[in-house]
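**Q** Have a look at this one.
The values are calculated or read from the model by the stated rules, or taken from the named source; none is laboratory data. Quick caveat: nothing in here was measured; it's all calculated off a predicted structure. Glycine also receives a Cβ, built like all others from the backbone with ideal geometry; neighbour counts cover every protein chain displayed.
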Amino acid sequence: MKIHQLSIFLENKPSQLTQPCRLLAEAGVDIRTLTLADTERFGILRLIISDWEKAAGLLEQAGYVVNVTEVVAVEVPDRPGGLADLLNVFEDTDTNIEYMYAFTFGHGETAVLIFRFDNPDAAITRLQAAGINVVGSSEVYQRIQPA
Amino acid sequence: MTKTCQEWEINPASATDYLPPVQMQTLQLARLRATVTRAYDYVGLYRRRMDEMGVSPEDIRTLADITRLPFTMKVDLRDTYPFGLFASPLQEVVRLHASSGTTGKPIVVAYTQEDLGVWTDAMLRTMASCGLGRGDIIQNAYGYGLFTGGLGAHYGAEALGATVIPISGGNTDRQIMVMKDFKVTAICCTPTYFLHLLDRAADMGVDIRELPLRVGVFGAEPWSDSMRRRIEGASGIKAYDIYGLSEITGPGVGSECCCQAGLHIFEDHFYPEIIDPTTGTPVADGEEGELVITTLSKKAMPMLRYRTRDITSLMREGCACGRTLRRIKRICRRSDDMFIIRGVNVFPSQVETALLAVEGTLPHYQIVLTREGGLDRMEVQVEVTPAVSSDKVGAMEKLQSKLAQAINQTLGVRVDVRLVAPQSIKRSEGKAQRLIDRRNMQ
C-alpha cells in the first residue's frame with residue numbers, strides 16, 4: 001500500500017532544479033508528480049516516479065544523494081470538507097503528518113493526496129478502518145496515466 | 001595473544017630509550033655544545049645570526065640556554081640551496097637527499113657516514129618500539145630515492161636484523177602478492193597508501209586479516225585516531241605512528257611505542273622544544289605549540305632550533321612502556337594552516353573535530369572567509385552525505401544548526417553553516433582545499 005518517493009537535496013541557486021529534471025527527461029523517465037520544499041538556503045525536491053528504482057540509480061550516478069521514503073496515497077472526496085474529514089481520522093492519535101501534497105490532476109469526484117506519515121503502517125491501518133481508500137502503487141500509476 | 005607493553009623484550013639497541021633523565025640531560029648538553037660550536041665554526045648563516053644576537057657557543061652552559069640561539073626555518077634551506085648549510089666538506093658527505101619543494105627549488109640535506117649511523121640508530125629504535133625485531137619480514141613500501149622515507153626505514157630495519165623487502169611505493173597488486181607469498185609481518189608506508197592497499201586487496205579477494213601481517217609503521221603524513229581505528233579494524237594489525245622530517249634526518253625523529261599514546265622523541269639525537277608560533281617564546285610545560293627541534297648528533301648538516309610548523313605538546317608524564325624519552329602528542333595540524341578570525345586563532349582541524357562529532361564521519365567541507373562592512377565572516381560549507389540526508393526540511397535545518405552550534409562551541413567564534421550539494425566542493429588531486437580566504441580580495 002505504500003509508495004516510494006524519491007527526494008534529493010538541492011542548493012537554493014539558479015539551475016539546480018533544471019539539472020535533475022533534464023537528466024530524467026533524457027532517460028525517458030516520466031515524473032508523476034513532484035513537490036519542492038524550499039528554505040532560504042536549500043530545497044528538497046520530492047518526486048513520485050513509477051520506475052523509481054531506475055530514476056534513483058540515474059540520480060545517484062549523477063552524484064545526487066537520493067533518499068527513498070515510503071509515502072501513502074489516499075483518495076479524498078473532491079468536495080468541501082473532504083480533507084478535513086480525512087484528517088479527523090488522526091485526531092487524538094500519535095500519528096504525525098510530516099508533510100503532504102496533491103497529485104496534479106483532476107479525476108472525477110476524488111482527488112489523490114500523498115501523505116508522509118512518521119509511521120505509515122499505523123496510518124494505513126487507521127485509514128482503512130475508517131473506510132478510506134488507500135491507493136496502492138500500481139493503482140496510482142494506472143489511475144494517473146493520461147487517458 | 002598479544003603481549004602487554006611490559007612483557008615485550010627490550011632490544012639492547014634501545015638502551016638509550018630508558019636512560020635516567022639526569023643522564024639524558026648531561027648527554028644532551030654535551031652534544032648540544034658540540035653541535036653549536038660546529039654550526040658556528042662551519043656554517044656562515046649560523047655564525048652571522050649568532051653574532052647579530054650577540055651569542056657565542058661558549059654561552060651555552062645549560063640546556064635552558066638553547067633559547068638564546070636563533071631559529072632556523074625552511075626558507076633558510078631554500079635560500080642557501082643547494083649546499084649552503086653544510087658543516088662538512090663534500091669529501092665527508094656520503095649521501096644527499098632532497099625533499100620535493102611545492103614552491104620552487106627543493107631543499108637538500110646531507111649525511112656523513114656517522115650521520116647515516118645516527119639515522120640508522122634512530123630508525124632501528126623506531127622499529128623496535130613498534131614491536132619489531134629479528135625474524136620479522138618487513139615490506140618497505142616507502143618510496144626509495146631522493147625522499148628520505150625509503151632508505152631511512154630500510155637501513156633501520158636491516159640494522160634491527162629483520163628481513164627487509166625493498167619493494168618501494170606503487171604497484172599495489174604486486175605489493176599484495178608479495179605480502180601474501182612472502183608471509184610479511186610488517187609494512188612501512190603512508191597510512192593513506194595502506195588504506196588504498198586494503199581496498200585493492202578486498203577487490204582481489206585477499207583478506208588481510210588472514211595474513212601474518214601484524215604491524216604497520218605509518219608516517220610521512222598526519223593521520224587521525226579515527227583513521228587508526230579504521231585501519232586496525234579492517235586489517236587486524238597494530239598501526240603505529242612515526243614522526244620525522246628530512247630537515248632533521250628523515251623518519252626516525254620520534255615513534256609510538258606499544259602504548260600508542262604519544263610519540264617518544266629520540267631526544268639523545270633530536271632535542272625538542274615547544275614554542276608559541278606567533279611570539280617564538282617557549283610555552284609553559286605541557287602546553288600546545290609549535291615543535292622546534294635541534295639536532296644533537298648530526299655532523300654534515302646541524303640544525304639549530306628548526307621550526308617544524310607542526311603543532312603538538314610535550315607530555316610530562318612517564319610512559320607505561322618504561323621508556324624515559326619524552327613524548328609528543330600525535331600531530332594533527334600545522335601552524336601554517338592556522339588562520340585568525342576576529343582575533344581568534346583557528347585551525348581547520350578544530351572545525352573537523354566538530355563536524356566529526358555531529359555526523360560521525362567527516363564530510364567534505366570548505367571554510368570560506370569573507371569581509372562584510374569591515375567585519376570578518378566565516379562560513380563553513382558542508383556537503384550533504386547519504387547518512388545525514390533526509391526528505392524532511394526540518395531534519396536538514398536541524399542538522400545545519402547542530403553543525404553550527406558544534407563549531408561555535410569548539411572555536412568560540414560565530415560561524416554560518418551552509419549545507420551544499422554532494423561533490424560540489426572542488427577537489428584537486430583527490431584533496432579538497434579546506435580554506436578559501438577572500439578577505440584580502442575585497
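**Q** Looking at B:Gln405, is it in contact with a helix residue (DSSP H, G or I) (Cβ under 8 Å, 6 or more places away or on another chain) and away from chain A (no Cβ under 14 Å)?
**A** No: the conditions fail for B:Gln405.
**Q** Quick check: is even one residue across region B:388-399 in a loop (DSSP other than H, G, I, E, B) and out of contact with any strand residue (DSSP E or B) (no Cβ under 8 Å at 6 or more places or on another chain)?
**A** Yes: region B:388-399 contains one or more residues that are in a loop (DSSP other than H, G, I, E, B) and out of contact with any strand residue (DSSP E or B) (no Cβ under 8 Å at 6 or more places or on another chain).
**Q** Mind listing whichever residues of region B:225-235 are at pLDDT below 95 and under 21 Å from B:Ser129 (Cβ atoms)?
**A** Once the filter is applied, which keeps residues that are at pLDDT below 95 and under 21 Å from B:Ser129 (Cβ atoms), region B:225-235 yields B:Asp225, B:Met227, B:Arg228, B:Arg229, B:Ile231.
**Q** Would you confirm, using the coordinates I've provided, whether B:Lys402 is outside the structural domain of B:Val22 (by TED's automatic domain parsing) and either surrounded by fewer than 19 Cβ atoms within 10 Å (Cβ to Cβ) or among the hydrophobic types (A, V, I, L, M, F, W, C) (or both)?
**A** Spelling it out, B:Lys402 is indeed outside the structural domain of B:Val22 (by TED's automatic domain parsing) and either surrounded by fewer than 19 Cβ atoms within 10 Å (Cβ to Cβ) or among the hydrophobic types (A, V, I, L, M, F, W, C) (or both).
**Q** A:Ile44: of a type in the set (A, V, I, L, M), within 14 Å of another protein chain (Cβ to nearest Cβ) and under 15 Å from B:Ser389 (Cβ atoms), yes or no?
**A** yes
**Q** Could you run through region B:326-345 and say how many residues are of a type in the set (Val, Ile, Thr), under 20 Å from the mean Cα position of the chain (by Cα) and assigned to a strand (DSSP E or B)?
**A** Going through region B:326-345 one residue at a time, the tally reaches 1.
**Q** What number of residues within region A:25-41 satisfy the criterion of being within 20 Å of B:Val384 (Cβ to Cβ) and more than 13 Å from chain B (Cβ to nearest Cβ)?
**A** Of the residues in region A:25-41, 0 are within 20 Å of B:Val384 (Cβ to Cβ) and more than 13 Å from chain B (Cβ to nearest Cβ).
**Q** Return the pair list, or none, for Cβ contacts closer than 6 Å from residues in region B:373-401 that are within 11 Å of another protein chain (Cβ to nearest Cβ) to residues that are acidic (Asp, Glu), at least 6 apart or on different chains.
**A** B:Glu379/B:Asp416; B:Val388/B:Glu359; B:Lys392/A:Glu98
**Q** Given the structure, is B:Gln409 out of contact with any strand residue (DSSP E or B) (no Cβ under 6 Å at 6 or more places or on another chain) and not in a loop (DSSP other than H, G, I, E, B)?
**A** So B:Gln409 fits the description; yes.
**Q** Being touching a strand residue (DSSP E or B) at 6+ places or on another chain (Cβ under 8 Å), at negative phi and surrounded by 13 or more Cβ atoms within 10 Å (Cβ to Cβ): is that true of B:Arg47 here?
**A** no
**Q** At least 2 residues that are among the basic types (Lys, Arg), at pLDDT below 85 and surrounded by 15 or more Cβ atoms within 10 Å (Cβ to Cβ) in each: list the helices (runs of 4 or more DSSP H) lying fully within region A:72-147 that qualify.
**A** none
**Q** For the structure I just gave you, tell me whether B:Thr370 is in contact with a strand residue (DSSP E or B) (Cβ under 6 Å, 6 or more places away or on another chain), β-branched (Val, Ile, Thr) and modelled with pLDDT under 95.
**A** For B:Thr370, the condition - in contact with a strand residue (DSSP E or B) (Cβ under 6 Å, 6 or more places away or on another chain), β-branched (Val, Ile, Thr) and modelled with pLDDT under 95 - is met.
**Q** Within region B:378-402, work out how many residues are closer than 28 Å to A:Met100 by Cα, under 35 Å from the mean Cα position of the chain (by Cα) and not hydroxyl-bearing (Ser, Thr, Tyr).
**A** 8
Table: residues versus (1) without any contact (Cβ under 8 Å) to a residue 40 or more places away in the chain; (2) in contact with a Leu (Cβ under 9 Å, 6 or more places away or on another chain).
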{"residue": "A:Val29", "(1), (2)": "yes, yes"}
{"residue": "A:Leu36", "(1), (2)": "yes, yes"}
{"residue": "A:Glu40", "(1), (2)": "yes, no"}
{"residue": "A:Ala56", "(1), (2)": "no, yes"}
{"residue": "A:Asn67", "(1), (2)": "no, yes"}
{"residue": "A:Glu75", "(1), (2)": "no, yes"}
{"residue": "A:Asp85", "(1), (2)": "yes, no"}
{"residue": "A:Tyr101", "(1), (2)": "no, yes"}
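**Q** Filtering region A:1-19 down to residues that are in contact with a strand residue (DSSP E or B) (Cβ under 6 Å, 6 or more places away or on another chain) and more than 10 Å from chain B (Cβ to nearest Cβ), which residue is farthest from B:Val417 (Cα to Cα)?
**A** For region A:1-19, the residue satisfying everything is A:Met1.
**Q** Return the only residue of A:Ile114, A:Ile97 being touching a residue at least 60 places away in the same chain (Cβ under 8 Å) and within 14 Å of another protein chain (Cβ to nearest Cβ).
**A** Residue meeting the stated conditions: A:Ile114.
**Q** Exactly one of these conditions fails for A:Asp51: (1) facing another protein chain (nearest Cβ under 10 Å); (2) surrounded by fewer than 19 Cβ atoms within 10 Å (Cβ to Cβ); (3) not basic (Lys, Arg). Give me its number.
**A** So the condition that A:Asp51 fails would be (1).
**Q** Based on what the data block shows, is B:Arg342 free of Cβ contacts under 8 Å to residues at least 12 places away in the same chain and charged (D, E, K, R)?
**A** no
**Q** Given the structure, is B:Ala64 in the same structural domain as B:Pro277 (by TED's automatic domain parsing), in a helix (DSSP H, G or I) and at pLDDT 95 or above?
**A** Judged against the criteria, B:Ala64 is a match.
**Q** Would you point out the residue of region A:58-81, among those that are among the charged types (D, E, K, R) and within 14 Å of chain B (Cβ to nearest Cβ), that is nearest to A:Gly28 (Cα to Cα)?
**A** A:Glu60
**Q** Cβ-Cβ distance below 8 Å, separation of 6 or more or different chains: which pairs start in region B:413-442 with a residue that is within 14 Å of chain A (Cβ to nearest Cβ) and end on one that is surrounded by 12 or more Cβ atoms within 10 Å (Cβ to Cβ) and modelled with pLDDT under 85?
**A** What qualifies is B:Ile425/B:Ala432; B:Lys426/B:Ala432.
**Q** Restricting to region B:256-286, and then to whatever is of a type in the set (Asp, Glu) and modelled with pLDDT of 95 or more, can you tell me which residue is nearest to B:Ala15 (Cα to Cα)?
**A** This residue is B:Asp268.
**Q** Counting only residues that are farther than 15 Å from B:Leu213 by Cβ, in contact with a helix residue (DSSP H, G or I) (Cβ under 8 Å, 6 or more places away or on another chain) and modelled with pLDDT of 95 or more, give me the helices (runs of 4 or more DSSP H) lying completely in region B:82-192 with at least 3 of them.
**A** B:113-129, B:148-160
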